[in-house]
Every structure is written in structure tokens, then in C-alpha cells.
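K.L.:
This is the structure I want to talk about, given as C-alpha cells.
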Amino acid sequence: MLIETHRLILREFEPADDRWLAQILANPLVMKSSLTGPLSSADTQAKIQSFMASYAQHGFGKWAVFLKPRNELIGYCGIAVETIDNREEWELGYRLDPKFWSRGLASEAAIAALHHGFTELNLPYILGIVERANLASVRVLEKTGMQYERETTFHGVQMDVYRATNPSV
């Protein structure tokens, strides 16, 4: 699976991607709003394995995001199955290296992932979960066209849920 945008390439993770992703996910700024905090190299390897398991089980998951033309791994973005309010839901998630924040790259990747979810996977809707205080992530969700839907508690943390609905359904 390969998705290409104007500035990005999104593709399935491979085990060898762990050394680059580990640097990103070890950064406290990147993981500030995560439920786990910064990840170790072993944690990152496990995360990549979970992404790969999702590809096998669901046909999609979080994808490696590369900046063209340098082919540099800058983070991940994609759709995963998450349990939200005791239901399995399709959830959009993303994390980028801070060197690439404030350039519209997270929005570009997220829009591509949503488009793929709607046109290729025919998902009826996709949710985004975000802490209200994470204004940059809220802006990304809003730029994708997602609309605020409700509050929820996700892994013990108060979050806001946003929704994008497939325009073809």
C-alpha cells in the first residue's frame, strides 16, 4: 500500500523503520499528549509490530510518513481500530517529528489517510480523538473536515471526539 501526496509518501511500516521512528517517539514533545509518554526503542519496535498486525488483520493501520524528495521518515499517520466508549471504531491518528510541525504536513497526511479510508476502504466514518488542550492536533482534525462530536474518557483521560463521515455513504 502506497499513498502519495504533493509532499509526502505514506506506506506500510517495515521492521527496519524502527531506528528512525524510535528517535521520533522518544522525543518528549512528540509524546507529550500520548497516554504512554516517550517510548523506548523496544516499545517502538512493538508499536511497529502492532501496526503490521493491523495491516494483516484489517487491511490498514498507521503508515510511515516520508517527506519527498529526501525520502526522510518524519512520523506516522493512518487509521487504526480503537475501542472508544466500549465500541470498536475507526480512528485517525498521527505523530510527526517536531522539526516538521507547523508546515501543514500532518494535515496533508491526515487528509490523504481519510481519503483512502473513504474511497478505498469504504469506511462509513472515521473518528479522531484529541485532548482539548492539544490545539495543534485539534486544528489538524478541523482542517481535514472533521467535526466535533462529543467528549469521552479514553484510557482514563478526558478527550474530545471528532468525526468525518464518508460523503459517498
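Nothing in this text is a laboratory measurement; each read-out follows from the coordinates by a stated rule. It should be emphasised that the depicted structure is a prediction, and the values quoted were computed from it without experimental measurement. For neighbour counting, all protein chains shown are included, and Cβ atoms are generated from backbone atoms with ideal geometry for every residue, glycine included.
K.L.:
If the requirement is being over 13 Å from L96 (Cβ atoms), touching a residue at least 40 places away in the same chain (Cβ under 8 Å) and out of contact with any helix residue (DSSP H, G or I) (no Cβ under 8 Å at 6 or more places or on another chain), which of these qualifies: I24, I3, I9?
P.N.:
Only one candidate qualifies: I9.
K.L.:
Identify, from the list E131, E142, the residue that is in contact (Cβ under 8 Å) with a residue 60 or more places away in the chain, under 15 Å from the mean Cα position of the chain (by Cα) and surrounded by 14 or more Cβ atoms within 10 Å (Cβ to Cβ).
P.N.:
E131
K.L.:
If you don't mind, there's one more thing I want to ask. Return the total of residues in segment 147-169 being free of Cβ contacts under 8 Å to residues at least 40 places away in the same chain and either surrounded by 14 or more Cβ atoms within 10 Å (Cβ to Cβ) or under 20 Å from I111 (Cα atoms) (or both).
P.N.:
So the answer is 7.
K.L.:
Please enumerate the residues belonging to segment 95-133 that are farther than 17 Å from E4 by Cβ and not hydrophobic (A, V, I, L, M, F, W, C).
P.N.:
Correct list: R95, D97, P98, K99, S102, R103, N122, P124, Y125, G128, E131, R132.
K.L.:
Select from segment 73-131 the residues that are out of contact with any strand residue (DSSP E or B) (no Cβ under 8 Å at 6 or more places or on another chain) and either under 24 Å from A26 (Cα atoms) or of a type in the set (K, R) (or both) and list them in ascending order.
P.N.:
Selection gives R87, P98, W101, S102, R103, G104, S107.
K.L.:
Name the residues in segment 114-169 that are within 23 Å of Y55 (Cα to Cα), in a strand (DSSP E or B) and of a type in the set (A, V, I, L, M), would you?
P.N.:
Across segment 114-169, the qualifying residues are I126, L127, I129, A164.
K.L.:
Give L2, L29, L8, L21 a once-over and let me know the one that is within 28 Å of Q158 (Cα to Cα) and touching a strand residue (DSSP E or B) at 6+ places or on another chain (Cβ under 7 Å).
P.N.:
L21
K.L.:
A further question follows. Could you list, in sequence order, the residues of segment 65-111 that are more than 25 Å from N166 (Cα to Cα) and part of a loop (DSSP other than H, G, I, E, B)?
P.N.:
K68, P69, R70, N71, D97, W101, S102, R103
K.L.:
Could you grab me the full set of residues in segment 81-94 that are in contact with a helix residue (DSSP H, G or I) (Cβ under 7 Å, 6 or more places away or on another chain) and of a type outside the set (A, V, I, L, M, F, W, C)?
P.N.:
Listed by number, the list holds a single entry, Y94.
K.L.:
Report whether or not S102 is surrounded by fewer than 15 Cβ atoms within 10 Å (Cβ to Cβ) and polar (S, T, N, Q).
P.N.:
So S102 fits the description; yes.
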